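For reference, the structure is listed below as structure tokens.
FYI, it's all coordinate maths here, none of it is from the lab. All values derive from a computational prediction rather than experimental measurement. Note that we place each Cβ from the backbone using ideal geometry, even for glycine, and neighbour counts take in every protein chain shown.
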Amino acid sequence: MPKFAANLTMMFNEVPFLQRFAAAAKAGFTAVEFLFPYESDVQQLARCLSENHLQNVLFNLPPGDWLAGERGLAALPGREEEFKASVALALEYARVLGTPRLHVMAGIVPDGISRPHCLETYCKNIDYAAKELGQYGIDLMIEPINPRDMPGYLLNSQAEAHAIRKMLGRDNLKVQMDFYHAQIVEGDLSTSLTNNLDGIGHIQIASVPARNEPDDGEINYPYLFALLDKLGYQGWVGCEYRPRGKTEDGLGWLPKSV
Ligand SMILES: O=C(O)[C@@H](O)C(=O)CO
Ligand SMILES: [Mg+2]
């Protein structure tokens, strides 16, 4: 059975963020991921991990002004210096928390700027970030996101993400295969997973269309979990879903030892 990490941005939302570490450990998780840790002191986060015997397996680089609708800086021409500063900040956190992989969001293609221009900016920034992270043995994830959840987001398909990964040729640049997004955009999950396994650095799960626990909706997760075992996937599976009710009440789908 794959290794599952609790996503503390979406799960255990019955309690404040810093209390979710203990809640996840109590539920049996040994690993956690989250989106953006930057509102918390990094040493406090390190204590939350160590006190609860948890490892952090992923978080995101800063996304720009989230409340203003920004969803990443990497593809935004003219924001390169801000992007480099975001890489430095994420590295600071990752080195303290022992985080082995970081996800960099691409961004929404701005009005008046061509997609090819954004794609060129994205590739240059991704290459820079992968080089910086690689000095510390940290992998960089790029995640295709569906246009229903994020209209205008630059990167939508697994195929394009793997093409970028191969073109840049950085060993520590990998694709984050979020089955929720991949099902919405292109389906064909098991074949895409099988054909691209070497280039996949992280997996995330949620039901489609509701983005709840992976025990409902149109994706056959028991089949995919068995396939991950058969393929020998050694990475983590992030539980990036919105609990239908109380988080603990929705954990029946998890194997007993997560
Ligand atoms: O799938 C998602 O939404 C997340 O993995 C993410 O990083 C962007 O919000
Ligand atoms: Mg995701």
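With an 8 Å cut-off on Cα pairs and a minimum separation of 6 or more residues, tell me the relative contact order of segment 3-253 in percent. Intermediate values should be presented prior to the final figure.
Working: 462 pairs, mean separation 45.3, N = 251.
Relative contact order of segment 3-253: 18 percent.
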Compute the FRET efficiency between VAL15 and PHE36 as 1/(1 + (r/R0)^6), taking r as their Cβ-Cβ distance and R0 = 22 Å, and round to the nearest 0.05.
-> 0.80
Given charges of +1 on the Cβ of Lys and Arg and -1 on the Cβ of Asp and Glu, with all other atoms neutral, how large is the dipole of segment 3-253 about its Cα centre, in debye to the nearest 20?
-> 340 debye
So how far, in whole Å, is the C-alpha centre of segment 45-109 from the one of segment 207-250?
-> 24 Å
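So for segment 1-107: antiparallel DSSP bridges make up what percent, rounded to the nearest 5?
Values: 1 of 8 bridges.
Roughly 10 percent of the beta bridges in segment 1-107 run antiparallel, per DSSP.
Express in % the proportion of alpha carbon pairs of the chain at distances exceeding 31 Å. Let's see the in-between values first.
Values: 6638 of 33153 pairs.
Summing the P(r) of the chain above 31 Å gives 20 percent of all pairs.
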Comparing ASN196, ASN56, ASN212 in a Gaussian network model of the chain (Cα, 10 Å), the one with the largest mean-square fluctuation is ASN196
Just check segment 111-230 against the gyration tensor rule for me: Cα atoms, a ≥ b ≥ c as the square roots of the eigenvalues, rounded for a/c under 1.5, and otherwise prolate or oblate depending on whether a/b exceeds b/c.
-> oblate
For segment 3-253, what is the percent of antiparallel DSSP beta bridges, rounded to the nearest 5?
-> 10 percent
With Cα springs under 10 Å, the Gaussian network model of the chain assigns the largest mean-square fluctuation among GLY112, GLY78, GLY235 to GLY112
Among ALA25, ALA74, ALA130, which one moves the most in a GNM of the chain with springs linking Cα atoms closer than 10 Å?
-> ALA25
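Using Cβ contacts closer than 10 Å as the measure, can you line up CYS123, CYS239, CYS118, CYS48 from fewest to most? Intermediate results must be reported in sequence, preceding the final value.
On the way: CYS123 15, CYS239 28, CYS118 20, CYS48 23.
Least crowded to most crowded, the residues run CYS123, CYS118, CYS48, CYS239.
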List ILE138, ILE113, ILE205 from most exposed to least, where exposure is judged by having the fewest other Cβ atoms within 10 Å.
-> ILE113, ILE138, ILE205
Sorting TRP66, TRP253 on the 10 Å Cβ count, fewest up front, what's the list?
-> TRP66, TRP253
In a shell of Cβ-Cβ distance under 14 Å around SER86, excluding SER86 itself, what net charge do Lys and Arg (+1) and Asp and Glu (-1) give?
-> -4
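What is the sum of charges around GLN158, taking Lys and Arg as +1, Asp and Glu as -1, for the other residues whose C-beta is under 15 Å from the C-beta of GLN158?
Working: positive: ARG165, LYS166, LYS174; negative: GLU143, GLU160, ASP178, GLU186, ASP188, ASP198.
Net charge in that neighbourhood comes out at -3.
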